[in-house]
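None of the figures in this text is laboratory data; all of them are computed from the coordinates on show. Computed from a prediction, not measured in an experiment: that's the story for all the values here. Cβ: placed from backbone, ideal geometry, glycine included. Neighbour counts: every protein chain shown.
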Amino acid sequence: MLLSLPAGCPPDAGNELGIGKPCSKTGNECASSNLRCTCSDFGVTLPANMPCYCTNVTPAASCPPSLKCGNNATCCSIMGLVTGCIPNVCLVSDQCPVFQ
């Protein structure tokens, strides 16, 4: 399973909430923002080419209205299992990325 992402994703830095900040699976770079790294273990198998950035993962099939993404980020559902904010630079034609 591959994730279709545009060039430039992930960004070089996160927004004012830390969404999009580069991170690593074991680096703990997102903890100070109360976020999690997309490369962390979420209980679901994410695509091998999933970029590593900080996000606010929520176990929900669709984006809850209370989820705040901040500037230049959008809430997306991943596989209908979890939602989280992704940097707008990672959107594909202004849409959430899809699995292929």
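Please state the shape class of the chain: rounded when a/c is under 1.5, otherwise prolate if a/b exceeds b/c and oblate if not, all from the C-alpha gyration tensor. Rounded, because the longest to shortest axis ratio a/c is under 1.5. Taking other C-beta atoms within 10 angstrom as a stand-in for reagent exposure, C63, C37 fall in the order C63, C37, fewest first.
The Cβ shell under 15 Å around T58 holds other residues with a net charge of +2, Lys and Arg each +1, Asp and Glu each -1.
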